[in-house]
Structures are given as C-alpha cells and as structure tokens.
1. Can you tell me the FRET efficiency between A:Thr112 and B:Arg755 if r is taken as the Cβ-Cβ distance and R0 is 60 Å, rounded to the nearest 0.05?
2. Given contacts defined as C-alpha pairs under 8 Å and at least six residues apart, what's the relative contact order of the range A:305-394, whole-number percent?
3. Give the average over all directions of the projected area of the C-alpha convex hull of the range A:300-394, one decimal, in nm².
4. Can you give the Kirkwood hydrodynamic radius for the range B:405-467, in Å, rounded to one decimal and based on Cα pairs?
5. Taking beta carbons within 10 Å but only from partner chains, what does the mean come to for residues B:212-225?
6. Using a 1.4 angstrom probe on the protein heavy atoms only, could you order B:Tyr75, B:Tyr705 from most to least accessible area?
7. Determine how large the accessible area of B:Tyr476 is when every protein chain is in place; take a 1.4 Å probe and give Å² rounded to the nearest 10.
8. Where Lys and Arg each count +1 and Asp and Glu each count -1, what net charge lies around B:Leu451 among other residues with Cβ under 11 Å from its Cβ?
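The values are calculated or read from the model by the stated rules, or taken from the named source; none is laboratory data. This one's a predicted model, so the numbers in the text were calculated from it and none came from an experiment. FYI the Cβ positions are ideal-geometry reconstructions off the backbone, even for glycines, and counts take in every protein chain you see. Just the protein is used for accessible areas: all its heavy atoms, side chains included, with ligands, DNA and RNA removed. Shrake-Rupley method; radii C 1.70, N 1.55, O 1.52, S 1.80 Å.
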Amino acid sequence: MSRRPRRQNRTTITLEGWYFLGIMGFILAGALLRHMNLLILLFGLMLGPMYVNWRIVAHSLRKIRVSRSAPSSIVAGEKLVVDIKATNEGKRTSWAVRVDDKLTSVSFNGVTLRPGVLFSRISPDETLSEAYEGIVPARGRYALGPLKVTTRFPLGLVRRTVVHQVNDEIIVYPRIGQLTPAWKERLQSTYHGSRPVKRQQGLMEGDFHALRDYRHGDSQRWIHWRTTARRGMPMVRQFERQRHHDLALLLNLWVPEGYTSADLECVELAVSFAATVVSDMCQRGQSQLLLGTAGAGVAITRGPASRGLLTEAMEHLAAVSAGTGDNLARLLSDALEQVPPHCDLVLVSTRGIDLTDHERYGDIWQDSRKQSMLSKVLLIDASGPEIFRYYQAT
Amino acid sequence: MKLERRLQIAVAILAICGSLILGWEKYDLRLPLLTVVAATVGFVLTDLKGWFQLGSGAAGLVGLTVTALALRDVYRNIDDKQALFLALSNLLVYLQAVLFVRQKAPRVYGMIALLSFLQVAVSAVISLSPLFGGLMVLYMFIAVYALSLFLIYREEYEQARFKWQRNVAPQPPNARWPLLYQPLVLQGRQKRHAASRLRGLWGPTMRTGLITLLVAPLVFVTVPRTSSSRDSWSAGTGLQSTIAFTEDVSLVGDEFTQVLQDPEKVFVARFRDVRTAQNYPILDRDNIYFRGSSRRLIYRNGEWYSDSDRLPQLEHADPISPFEAAQVSPTNDLVAVGIEIEPLPTHGPLRKVSDVLFAIYPFFGLESQTHVYFDPFEERLICPEVFRSERITYQHVTTGFRSGQQLPLRWTTRTELPPDEIRDLLSLPEGFGEDPLRGLKAVAAEVVAALPEEERNDPIAKARALESHLRDSGIYSYSLSRRRSKSDLDPAEDFVVNTKSGHCEYFATVLALMLRSQGIPARVVTGYKGGEWDFETGSCLIRQWHAHAWVEALIPPEYVPPEFQPRPDRAWATSFSRRTRRALGLSGRLRSNRWVENYGVRSAWLRLDATPGRADLTATTWSQVQHIGDMAEVLWSQYVLGMNPQTQRERIYTPFAELFDAHAWNMWWHDVKASLSGADSSYRWISWQAGVVAFGAQLLLLFGYRGLRSWLRRKRTRAPESTSTTSLSEIYFYRRLEQILAEADFHRRRTQTQREFALAVGADLAERPTTAALASVPRRLTELFYRVRFGCHSLSESEHAAIDQQLDALQRALNEPEPMPPAQQPEELAASG
C-alpha cells in the first residue's frame, strides 16, 4: 500500500495549538454542561485568536521568496557558511519567518541535517540575509535543499509551511594534510632509482633562470632578498635544472566485508594523503599527474598539474568510495599504460600488497614495460604507521 | 528596549491583569496586589539586576509546598464550592508568584501566561459583573501582544542556542585520526537585531484583537444552548441570583453579590375595556402591578416566612362578584385582563417550583380552561404545579383601574381579618438584649414625628410619609448589588443605618417593618411591575426581570379617603350586570351578594412602593456614569449572562431563518415596490434627495478612503529613498568636489555628465603648473562617485581618508596664486616696443 505523499505547502496545527484546542474543548464542554455563558464567551475569545493565527500565517508566506548562496566546494574540516536570503514582495510585514534548509550527504551514509535561519521581521519590499555555518568533517557530495519556509506568528498555534525547490550541491574535498620531508626524500630516491644521485656542489642546483614566488619547502638560501624587500613578499631564485617529477598516484581503497570504522579510517587516510599530494603537485605545476583509484570501481584522472586538474582530482577524491572487490590489478594495468616510463609511481593501499604476485598481476608481469615500471613503485600501506612518515594529518 | 525586556514587562502586565480579573470578582484585591509585588520584585531583582534567582529545583520545591498548602485548603473545604474556588485561585496566584522569581527561560514565560489564563478561566466560572467583559477585552489584547513577543523571543532563543549535530561515524577506541570523527555541526548565525525590528508589532496585535472581538460575539450567540442560560453551577453555589419572581423574600445571601436580571419571558397580558370591547388605554404603563403572593408575613433575620402550615383552601370562585364590584366601585373602570402564562421548566437543573399566578386585584369573573384557583385566605391565585408545565391562559375582570391608572387602594377580600393574622401583620423581630431594628424604628419614628400634628394618627399619611422617605429623600438608592456592611446586623437594619442601597426587596422589607413599627399592619407582596408594551395589540410582555416586591398596608375603613368610599347604587348595578356578563362572555350565574350589606365596615389595602426608580438618579456626571454602568450591567445580564435557548431562538435563530424565507422577501419586495410607487403612505419617510445625498456621500467616502490609502502607500514606499542618509553620506565627496571646483569657477553645465565635466576640468588643471599634478583627481573621484552611486560600492574608512586628502590637496592647489610669468628682458621689451 503506497503512502500518500505529504503536501509540501500546508497549514498545520502546532503542538501548542493542539493543547490550546484541548483547553478550548474543555471550556466549551464545561460551558455547555454547566450552562455557563461566560465560559462560552471565553471560548469565543479563544477561537478568535486561533482563527486569526491561521489567517495570518496563511497570508504571511504568500509573498516571501527565498534563495540560498552556498559555496560549490569546500575542504573537509573548513567552515561552511551558507547564506539564506528572504525577500518580502508583499505589502504587509512578515514576522518570525523561519527558513529551514536540508543538508544531505549524497555520497555516503545519507546523513541529513536540517539547519535553519530565522528572520524576525521582514518588511515589505525588504530583502534580508541570514546565514548558518558549521564544520563538515567528512568529504563527499552534499545536497542542499529544498528550502522550507515556516511561520507560526503571532501566537504559535498554527504553522504554515511553504516549500521552495531551491536545490544546490556542495562538494566537500578530502582534508588536506602536510607532507613531511621524508616524502620528498623518498620521492627523489624513487625518481633517481638505481642512478647515482649527482650531488650538486655549492649552494645552488643549476644556473639562475628566473625569480618566482616562495613555495613551501623552498630553502631559505634561495630567497632573493632584494626583490623580496621590493615586492613585500618572499621571492626565490629559480634555476635551469628544475626537476619535474611526473607522478602517478594510485589508490587501492579496499575494505573487507563487514568493514569497521578502522577500515574506513584507513580509506580516509589514504584519500586525504592523496589529496595532499595532488594539492602540492598542482601548486608546484610543471609536471604531469595521474590519479587512479580502485575502490568500488576504477577511475583515473590525469593531466598537467594545474588548478584545473586540482579541481578535477579533488572532486574525484571527494566522491571516491571504497570497495570490497579487488580492482587493483585493473587499475595498475590501466595506469601503467598511460604513464611515461620516467614517471614516479606511488601506490597507496589500505592493505598490504605483494606486487610480485605473478598470478594476481599476471598481465602486468607479462608486459616488459609494465614490469619495469612496476618494479619501481613506491608502495605505502595506509593501514600501518608508514603513511605517517610521509604525511601529517590535520 | 531588548526583546526579552519587553517580553518580561508584557508578561508581568498580563499576569497582573489576570489576577485583577480574578480578584475583582471575589472583591479581594489581595491577589492582584500579591501579583503586582511578585511581578515587580521578579522584574527588578531577578530579571533586571539578577540579584535573586530561584533555580529549577528550589522553584519546584517552593511550588510543591504552595500546592500542598492549597490542597489542604481544598480538602478542608471540599463541600464549600466558594472556598474551593478561592483555594484554587490562591494556588494559581502563588505558583505564578514563584515563577516570577525563577530564572527565566521560554518555558517559564509560557507557564506564567498559562497560569494567568487559568485565573481568567476560573473568573469566568464565578463572574457576574460586566466589568469582566471589559477586562477580558483588555486582557485579550495584552495576551496577544505578549504571546507575539513570546513567539519571536522563543524562536530567537532557540535559533541562538540550537545546534544541528550528527555524528558521521562512531569513533573506534584506538582511532588514529580523531579529527575524522568530528560530528557534523551546523549553527545559525543569528544577528543581533535592534529594538526597531519590533516596530509595528502592534499592527498584528490590533488586527488579532479586533477580529477576535468580532468572532467572539458571533460564537457566543450561535453556540446552541441546551437549557436556560442561568448558571446552574453558580446558582447552586449561591454566587449568582437573578431578579425573578419568587414567593420567598430574602435579604440573606453572599455578602457581596450582584443580583442579575433574567430576561426570560413569563406571561403576556392584554387589557380590554369591558364597555367598549376595545383595548383599554393604560396611561401609566410602567406602574402596572401584577399581584402574585403575600403569604410570608413573619420577618426574622433578613427572611420572610410563614408560620402556618395551612393547606390552601382552593375555591373555584371569584374574590368578589361583579355585582359587588360594580356596587363598591361604580366609578371605576371595568377592564378585562387576559393572561397567557408561559410554562415553567419542571425538570432539569433549572427546574422552577411555583404555583402562583398573577392578576390585577381586585378581580372577578375568573375564567380558565385549566385548573386555576383562588385562595381567599392568602389572597393569591394559584395553579397546581403539575399543570405548570403547559402554557396557561386565563382571564378576569378588574375594577382596579380608573382613568387609565391603577388605583392604590382596594378592599380586603374578607370582611374581617382574624386576630392572629393581624398579629402577624404587626409582628417585628425581637432580639436578645438590644432591639435588632432600633435604627430602623428610630428613623420611622423620626419620619412620622416630622408630620403635621393632624396627620400623625392618619395611617395613610404615615404610610405615604415613610414610603416617600425611602423613595424620594435621596438617602437611599437602588442597586442590584447585594452588599452588607456588618454581617452581625439585621440586613434591614444594616440597609437603613449603613448601606442605604439595595433592590426592591430591601425597600419593601424596610417599609413593611417601618409601618409595623408605627402600628400599621403591613405585608410584603411579590409579583411583577411594568412590562414591555406592544402598542399595536395593546398587550404587555412581562419578563422575569420585571419581578418586583412592594408593600400592602392595611387601612381601617374610617381612614379610607372619600373618593375611594363605596357608593352603593343598586339600580346602576342591576342595569349593568347581565349586559356586562354577556359582553364579557363570562359563564356561570351572577351570585347573590353576601357582603353587600357589610361593605362599609371592610378595611382596605393600600399599595405602597418605596423602591426608587432607576431613572430617578440625578443628572450629575457621576450619576450618568452610574447610569451607563447600569445600562452595561443590564445589557450584560440580558445578552451575555441571560442568553438562553429561548432568547437565542427569538433573537438569533428566527431572524436568521427569516433571511432564507422566500415569502418574507416577497413581502419586503412588495412593500418596497409599494413605497416606490407611492401607494403605501407608510413609507413616505423615504426621501429621494436624502438617498442621492447618502449615496454620494458613500461614494465620496469610498474614493476618499482609496485615495488616502494609495497616497499613504506611495509615501511609505518613497520614504526610504528620501531619507536614505547612507547614500547621501556616501557621495558627499562628489558634492565637495563640485563645491571646490565651483570656487575656482569650474561649473558643470546642465548638459554635462559628471564624467564629461571631470574630463574637461582635468584638461584645464593639467595646463596649470600648480594643479597639473592633480589633474587626474576629478576624473578619479568621478569614477569613484559612479561606483558608489550606481554600483552599490561602499567606501571603507581608508578610502574616505584618501578621498579627503585628495580633495584637500586639490583645494589648496586651486587656492594657490598663479606664478607670475618670468620678467621680460630689456632687449625683448625694446624689440617689442
């Protein structure tokens, strides 16, 4: 049997209204049974406000228009501020207008919150803005809307609800942590592979090429003090022999059947670590980046490290979900086909992996190119403490 | 003023008003005073200063104690409903007082308002006064305003404190990344609104109040009544009494109560002149006395009662024969009185028990198809109660009128009154020790002493003097309030000595006792006086509120005035009798007159009414106010307290049903057509000129109203623009720029835009060495002006400062004198020369 859908725009009696009606009924019954005219008069004096409350709430919201202003994306853990605007297009003042929003997590467990704002008074032809704010701790896609406008003014006995289909979506990116120096060292050693690292003599690595903004991790010795003083911001010297690390970052987001919070924690750590690496790479630029995930499915995002790729990759990471199936082999196969030979390969997995397993990764081991690349993969196990060597969660 | 402060004041006023309604009804101002003190202390010490606040635990403890004490009172007075109400009232007020000193939260305000409302509800149960209605209207407005504030306050309170929170995932005990398990928390960012945000809250309050004032009476008159409107609960508790006929005359009751007027229809009387068979023209219509009963002869402690258990000796007979009546009163008119009396409710809570019927005395020729009897010993017309559930119709002929006025004297029914009855008619209460009526007797003696010597032995003169003293001296006033000054005094004595105010039973009782104290046998009579006259039918409708009490004094034959002396005229009587009887259609035979030889020795009853008329109030301002109050009281009694099924049917349902009666509409349309064609002279009052003027005036009013409304609306919408101080202050700099340039003879033409003007000025400034460096200032400031004026850009403090600096520099540069051109060399001068 299908349940009849509730009307979106409706007028209902509040809990206080039902109490009020109960008292009214009691008074009327007493008046009729005991023949007390004054109680009938009191009943009439109670019925009047009830009626007026109904009429006022019905009229108050007739000309109220609402809109929402929300960021399209934020990073998990950062403050979310959503502005609600209400405009009174009518000729009478509306009082105690409440606008309730609905925030639903689309990606994960369907967590729903109904935050709201209150407009105590909206004069005719007036537009007011109120906001609600908070911290969204988990990444994912969140749906906003619809906006539910209610009022109970003046007596709180009758409530009028009008639903405005104003819908938005917020993408909450994974948390960005901090990469440790060990990460850079490890990445460099991976890049050089078996080649001996030629230590550069002197202070600088190569010839002076240009000046650029200071980036996190730059040595203080590279700062060009005169330009820094003139520009008012730290500037460093850039050399000809910049190393451009092309990176393929692969995530194996596997969880067992009946996974626990600890399993999900590993997944989130892996995703957050990946987001941090991607963010760092895209800020540096001048390199190629491939991001591949194997969770519920396999997805790959690639391109030159840039702001555009950062957005794309973060959206990818915001929505990626873990899976119980083993999709790593497919991910490796697809990714290794797309990356150049000199590209650094980092595989972050939520469980220990043996890449020398010829049965499991038979297709890769049969391909000499892939085989050579697979041999230089940097494997990071997110379920162990190793990940914290390279990454500091915030 | 802050929202919460306003709410605190509004709730305090609401509570005071509620307890005032309660206390007013109980004539006990302690309760409202207690509420005033509690509300003031709570507002100042608890809300304003925060010096003293009861926590929820302490408040609960005090509340429980108060409740226990009140319940103890309830238990002790479980049978006394008045005391029960008093205990309940006290409980409500005490609990409210506790809440005033409690730490405030929305719930506390709500509880205070609820307790206040319960006080009003209790007042509605025990209330009688029209002041209740007035206070209720005031209370309703205050309540609506307070509840509106309360709603906004509660919404803001919840918005400011409430957080929407949901845990995304449970945190495991050995979590490596605790931040991941932070709950999803959202909170409204409520702004602090200025008090001006509450401006205009009176609008919805007034709207709500006014509509309520329309709805409440509508509900009141349409809710069907199941029985008579008299409040059986209150009547049962003795809290309410009404003016209605009863044989019992009692001045004893609650110390402070109001006697209300019951509009219930009792009977309709029609008067016909026997000789002409036309309606009898009664001149003094307000002073028609329909006599009921006078059987209570003994007065003691404020009550009249009868000490005889004698069963009435019923005679289906006339008190006097028409023949006798014609003989003893040959100059009086013969008036046939037909009475149609309404049935009494003989069951249910409003059951009335009475067997008394009403007549104009002296009467004869009684005729009825039901069981109507005359009791000659107690002089009352009766019908057994078992027959009172049906409408009774009877008629009689009276000789009590002469020239359209009812005569004050009539002969006694019996030739001689027995000595024990005379003794009862002279009896006065005796107390232990002091005379309980010493003040009353002294006043009576004083009044009689003031008579001329020759009248002091005349019972009629004495009776009239005492009647006049009570009615006309102005010392005593009529009031429906029953108030006693000293409860240990006899009520009649208390009336004469202290209160000097009361209703007809007080005046009748006091007059009867005064007459007795002067040796004149007297008794109190109850019946009806006056009525609502229908001039077309000549009938008189008597309602319960026409019930009245007056006095009959027994006058010995020798003191009866000559014009009332019987004048035997057998010839006239003989010629009169049969024709009269045929004309009247009276059945039965004309009996022989037993008393005709003895009429000369018979005594007479003198009717005395000491009750002052309410219209007799002197026309002072205060009396006019009193009169208005009385009018309100009567209306309140008639239309609010007195609303019963009959009234509702007559005044509400029937007229409403007539709206849908096609025949009535046809008749109305027929009348209108007749009036328009001039065929019906009764509608000549309709004036076409007046109609045109009225129609024009209505049109004028309508258009005037609409014009005024649209003007106000336009003014309201224009007002923010004209008073927008923000935009003026934001573009001040451009005005100053134009002012500075104007001082340097740069004037913007009317055809120039600001930008064109700035460019032109900039070009000129660039050519001057002193202003060349500032040539771009007008253009820059104009660009800024455009952004502010049309781009909704608001300037920061630093921008303001920079603008001011530039303007100052420009002003200084423009004020600097132009450098002199370099001096010409003598060779050049010579060459030029």
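1. E(calc), rounded to 0.05, equals 0.65.
2. Relative contact order comes out at 30 percent.
3. 7.2 nm²
4. 14.5 Å
5. 6
6. Heavy-atom accessible area, descending, gives B:Tyr75, B:Tyr705.
7. Accessible surface of B:Tyr476 is approximately 10 Å².
8. -2
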